[in-house]
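The values are calculated or read from the model by the stated rules, or taken from the named source; none is laboratory data. Please read all numbers here as calculations on a predicted model, not as lab measurements. Every residue, glycine as well, gets a Cβ built from its backbone with ideal geometry; the counts of neighbours run over all protein chains shown.
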Amino acid sequence: MNTIFLLCVLLVLSAVGYRMGKASAVGRQNGGTVRLHSLPSYYGYYVALWCGLPALLLVVLWTASSDWIVKSLVVSALPDEIRALPADKLSLVVTDIRNIAAGNIASAAATPAVQAAVDTYLNLAGMARSAMWLVGLAAAMFGLLLARSHVAPSMRARNRVEGIIGAVLIVCSVIAVLTTVGIVLSLVFEAARFFVAIPAADFLFGLTWSPQTAIRADQVGSSGAFGAVPLFTGTLLIATISMLVAVPVGLMSAVYMADYAPARVRSIAKPLLEILAGIPTVVYGFFGALTVAPFVREAGALAGLEVASQSGLAAGLVMGIMIIPFVSSLSDDVINAVPQSMRDASYGLGATRSETIKKVVLPAALPGIAASVILAFSRALGETMIVVMAAGLAANLTANPLNAVTTVTVHIAALLVGDQEFDSPKTLSAFALGLVLFAVTLALNILAMRIVRKYREQYE
Amino acid sequence: MDATVTTQNVSGATVPVPMPMPASKVAARGVNVHYGAKHALKSVDIDIRENQVTAFIGPSGCGKSTFLRCINRMNDTIASCRVTGDLRLDGQDIYDRSVDVVQLRARVGMVFQKANPFPKSIFENVAYGPKIHGLATKRSEFEEIVEKSLRGAGLWEEVKDRLDDPGTGLSGGQQQRLCIARAIAVSPEVILMDEPCSALDPIATAHVEELIDGLKSDYTIVIVTHNMQQAARVSQRTAFFHLGTLVEEDDTAKIFTNPRDERTQGYITGRYG
Ligand SMILES: Nc1ncnc2c1ncn2[C@@H]1O[C@H](COP(=O)(O)OP(=O)(O)OP(=O)(O)O)[C@@H](O)[C@H]1O
Ligand SMILES: [Mg+2]
């Protein structure tokens with residue numbers, strides 16, 4: 001709240017800086033005798049950026065670090081006997097201090113020491129807030145005045161603004177890239193911790209998945225089996241079923257949209273099809289669990305087959321429907337990208353529409369279609385919600401789509417839901433599964449991108 | 001090529017030829033074309049003679065391509081396009097309901113302004129038409145057709161050692177001759193060429209012109225061109241279009257030396273300065 005208000009103030013200051021920069025540039029023209037290097041507004045932007053950006057940066061840094069600084073100060077002010085507590089107990093105390101400071105209920109009644117710490121905390125936090133205001137406003141004013149003093153008709157404001165904008169864009173891209181790298185690294189490190197406890201070969205080739213481990217030493221229970229093969233096969237089974245649904249339907253509807261549909265039908269049907277892609281997957285999950293799974297079971301019963309109430313088939317079918325728009329809209333794009341002149345050539349030789357599509361359009365579009373299928377497949381591998389709801393959690397090793405199966409993503413979700421200790425193999429196995437999934441999807445996406453790039457070159 | 005061969009369509013059904021031979025291969029009477037509300041061709045009457053080269057000339061947008069595309073009904077692919085009037089091929093109404101467009105296009109082939117070989121091998125490009133019309137079944141028959149067509153298009157010597165290379169890898173002029181080979185592989189009776197040389201350099205153009213001259217003994221050829229010298233060099237008859245009307249059609253020599261209409265005169269001399 002406080003910070004938002006400060007940000008608003010900074011924004012206003014920048015706007016003031018803009019006006020001042022512009023006015024001072026115009027003013028220094030000496031009534032038109034001196035030519036400005038840039039349009040007046042660039043001088044305004046120059047001052048505004050110098051006023052707003054450094055201040056913003058400082059405020060962000062301050063907000064990110066002040067909590068940590070305040071906490072360290074509070075802890076260092078605590079009596080020695082509390083500071084001597086083990087790390088987890090100490091963090092409990094700190095949490096209590098925060099809770100009391102925020103007016104919430106704490107886990108233990110406040111001892112005088114804690115009460116004193118709360119006062120220090122409130123004190124310091126208040127100081128940190130004031131300091132943030134002070135630092136932010138000072139930086140803004142300083143930037144504003146400094147930049148304004150630079151404004152002169154000969155200053156290349158336009159080029160400088162361009163430079164600043166370039167820098168801002170670079171920073172944003174770096175943030176995005178670093179985040180990705182950070183996520184991948186944390187995945188790798190946590191997975192590495194898992195592989196210390198469980199050999200990689202057991203994980204990758206083991207046939208039993210049963211991650212329950214004894215929590216207390218005296219507990220009767222399995223020591224946990226982390227063979228991920230049932231999860232991999234379940235994932236593949238469901239993804240394959242979904243592709244069997246999505247590829248034919250998606251591809252044919254793409255062909256229809258691109259080459260058969262009259263313009264009017266296309267303009268209505270294509271957005272409708274794309275709405276499918278906008279339905280939240282959890283809604284598909286309802287549909288799978290409440291409609292498709294019972295239907296599959298009853299249909300199976302009529303045919304004399306025994307179908308689990310949550311079957312891989314049901315999940316695959318629903319997922320296939322979800323993926324249709326991926327296949328169809330990507331394929332539609334590549335089919336449309338096949339030049340009209342190819343079609344004309346074929347029609348001109350007396351080919352019918354379907355011959356033209358089969359022999360000219362689809363072969364020419366094949367690489368792009370392959371890429372769209374691969375992307376759809378990797379999407380299917382990563383899907384969670386539908387499987388949770390329609391296929392269940394039973395890690396059976398089976399190729400029979402009528403049985404209950406489960407997937408990698410579902411187990412990642414199941415492993416991390418609820419209270420978890422972050423050092424048991426059970427929890428860490430989620431990272432190992434995530435790493436495998438990430439590696440496979442990444443490989444598939446790279447493959448698809450390569451194919452698409454090659455295909456682009458063909459027509460340019 | 002004798003009369004029975006030229007009138008045999010791809011399915012093998014012989015079209016009865018009224019004797020004596022009609023003066024015209026393609027006859028248009030009062031042909032009008034609309035694109036939506038735009039009246040693109042206004043009451044065109046023309047007779048296109050068999051085994052001759054007829055050139056269509058005229059300023060851009062006057063309807064040359066439009067008329068050309070009427071003859072093999074390529075305009076059918078444009079939703080807004082409406083063709084009325086009487087247009088006959090060998091006395092048969094092209095726009096009759098009973099006409100099979102697929103067979104019509106096998107009889108009336110087309111070469112486009114920009115060479116558009118399929119992204120397939122040279123061999124596959126030429127064999128495409130024969131394949132879809134079932135003109136051959138055995139590989140050896142296809143090889144025969146491909147060689148004959150490529151020879152007919154004057155390309156055989158240049159590509160005979162690399163028939164499996166992609167057609168898109170040829171030079172522009174070679175690609176255009178490949179497209180001509182592809183068109184003649186289905187043994188059409190009429191070949192329509194829409195500015196076939198506009199993307200070619202003078203040497204490749206000379207090649208194609210030579211080819212057109214050689215082809216006219218077997219085929220009836222209609223060529224759209226913006227190049228007056230080209231029209232004068234390759235055609236026997238020339239038709240001048242202006243703003244959607246056919247202004248005049250006559251022997252090429254006459255059009256270029258002594259046109260009847262002053263618009264024709266203006267267009268031709270304007271080009272030469
Ligand atoms: N698909 C179309 N939809 C609407 N109008 C069209 C279409 N194709 C052509 N036209 C119009 O019909 C008229 C004749 O066009 P056409 O392409 O036949 O001209 P052209 O004589 O071949 O010209 P150019 O020498 O430039 O190729 C033009 O006014 C053009 O704008
Ligand atoms: Mg044209």
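Checked against (1) of a type in the set (S, T, Y); (2) more than 16 Å from the chain's Cα centre (by Cα); (3) within 16 Å of ligand 2 (Cβ to nearest atom), B:S121 passes all but a single condition, namely (3). When B:L170 is tested against the conditions (1) more than 17 Å from B:A106 (Cα to Cα); (2) touching a Phe, Trp or Tyr at 6+ places or on another chain (Cβ under 7 Å), the lone failure is (2). Apart from one condition, B:R88 fits all of (1) at pLDDT 90 or above; (2) under 19 Å from A:D344 (Cβ atoms); the exception is (2).
Answer with yes or no whether B:E141 is within 14 Å of another protein chain (Cβ to nearest Cβ) and over 21 Å from the mean Cα position of the chain (by Cα). When the stated conditions are applied, B:E141 does not pass them. Within region B:87-102, the presence of at least one residue that is over 23 Å from B:H133 (Cα atoms) and more than 17 Å from the chain's Cα centre (by Cα) is confirmed. Whenever a residue of region A:150-163 is surrounded by fewer than 17 Cβ atoms within 10 Å (Cβ to Cβ), it has no partner that is in a helix (DSSP H, G or I) and among the acidic types (D, E) lying with C-beta atoms less than 7 angstrom away and at least six residues away or across chains.
B:F256: in contact (Cβ under 8 Å) with a residue 24 or more places away in the chain, part of a helix (DSSP H, G or I) and of a type in the set (F, W, Y), yes or no? Answer is yes for this residue.
When B:K64 is tested against (1) farther than 15 Å from B:I221 by Cβ; (2) near ligand 1 (Cβ under 7 Å from one of its atoms), only condition (1) is not met.
Total residues in region B:148-199 satisfying the condition of being part of a loop (DSSP other than H, G, I, E, B) and buried (at least 22 other Cβ atoms within 10 Å of the Cβ): the figure is 9.
The rows are residues; the columns are (1) within 16 Å of A:M342 (Cβ to Cβ); (2) of a type outside the set (S, T, N, Q); (3) away from ligand 2 (no atom under 16 Å from the Cβ); (4) touching a Gly at 6+ places or on another chain (Cβ under 8 Å).
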site	(1), (2), (3), (4)
B:R105	yes, yes, yes, yes
B:F112	yes, yes, no, yes
B:N116	yes, no, no, no
B:E141	no, yes, yes, no
B:V159	no, yes, yes, no
B:L163	no, yes, yes, no
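Only one of the numbered conditions (1) more than 14 Å from ligand 1 (Cβ to nearest atom); (2) at negative phi; (3) touching a Leu at 6+ places or on another chain (Cβ under 9 Å) is not met by B:S43, and that is (2).
Among the residues making up region B:200-226, a single one is within 12 Å of ligand 1 (Cβ to nearest atom), in contact with a helix residue (DSSP H, G or I) (Cβ under 6 Å, 6 or more places away or on another chain) and assigned to a loop (DSSP other than H, G, I, E, B): B:T225. For region B:180-211, a residue qualifies if it is at negative phi, touching a residue at least 60 places away in the same chain (Cβ under 8 Å) and of a type in the set (D, E), and the qualifying residues are B:E189, B:D194.
Quick check on region B:113-124. Is at least one of its residues within 12 Å of chain A (Cβ to nearest Cβ) and part of a helix (DSSP H, G or I)? Yes, region B:113-124 contains a residue that is within 12 Å of chain A (Cβ to nearest Cβ) and part of a helix (DSSP H, G or I). Looking at B:D194, is it modelled with pLDDT under 95, within 16 Å of ligand 2 (Cβ to nearest atom) and more than 17 Å from B:F118 (Cα to Cα)? So B:D194 passes the test.
On the stretch given as region B:74-93, residues that are away from ligand 2 (no atom under 13 Å from the Cβ), free of Cβ contacts under 8 Å to residues at least 60 places away in the same chain and in contact with a strand residue (DSSP E or B) (Cβ under 8 Å, 6 or more places away or on another chain) total 9. Filtered by the rule that a residue be among the hydroxyl-bearing types (S, T, Y) and within 13 Å of ligand 2 (Cβ to nearest atom), region B:49-73 gives B:S60, B:S65, B:T66. Any residue at all in region B:62-72 that's surrounded by 16 or more Cβ atoms within 10 Å (Cβ to Cβ), touching a helix residue (DSSP H, G or I) at 6+ places or on another chain (Cβ under 9 Å) and either under 15 Å from A:A351 (Cβ atoms) or at the interface with chain A (Cβ under 9 Å from one of its Cβ atoms) (or both)? For region B:62-72, residues surrounded by 16 or more Cβ atoms within 10 Å (Cβ to Cβ), touching a helix residue (DSSP H, G or I) at 6+ places or on another chain (Cβ under 9 Å) and either under 15 Å from A:A351 (Cβ atoms) or at the interface with chain A (Cβ under 9 Å from one of its Cβ atoms) (or both): present. For region A:250-272, a residue qualifies if it is aliphatic (A, V, I, L, M), surrounded by fewer than 16 Cβ atoms within 10 Å (Cβ to Cβ) and within 14 Å of another protein chain (Cβ to nearest Cβ), and the qualifying residues are A:A263, A:V265. Restricting attention to region A:14-59, the residues being more than 21 Å from A:R156 (Cα to Cα) and buried (at least 21 other Cβ atoms within 10 Å of the Cβ) number 2. If you filter region B:70-97 down to residues that are within 12 Å of ligand 1 (Cβ to nearest atom) and polar (S, T, N, Q), you find that the one that is farthest from B:G244 (Cα to Cα) is B:T77.
On the stretch given as region A:228-272, residues that are in a helix (DSSP H, G or I), touching a helix residue (DSSP H, G or I) at 6+ places or on another chain (Cβ under 9 Å) and among the small types (G, A, S) total 9. Of the residues A:V181, A:V188, A:V174, the single one that is over 30 Å from A:F5 (Cα atoms), without any contact (Cβ under 8 Å) to a residue 40 or more places away in the chain and assigned to a helix (DSSP H, G or I) is A:V181.
The rows are residues; the columns are (1) at pLDDT below 90; (2) within 15 Å of ligand 2 (Cβ to nearest atom); (3) over 22 Å from B:Q236 (Cα atoms); (4) within 14 Å of chain A (Cβ to nearest Cβ).
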site: B:P16; (1), (2), (3), (4): yes, no, yes, no
site: B:P22; (1), (2), (3), (4): yes, no, no, no
site: B:V33; (1), (2), (3), (4): no, yes, yes, no
site: B:D47; (1), (2), (3), (4): no, no, no, no
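For region A:107-114, the condition of being under 19 Å from A:S66 (Cβ atoms) and not in a loop (DSSP other than H, G, I, E, B) holds for none of the residues. In region B:159-179, of all residues being without any contact (Cβ under 8 Å) to a residue 24 or more places away in the chain and farther than 14 Å from B:P117 by Cα, the one that is farthest from ligand 1 (Cβ to nearest atom) corresponds to B:D161.
Take B:T77 and tell me if it is within 14 Å of chain A (Cβ to nearest Cβ), of a type in the set (S, T, N, Q) and out of contact with any Pro (no Cβ under 8 Å at 6 or more places or on another chain). Yes, satisfied.
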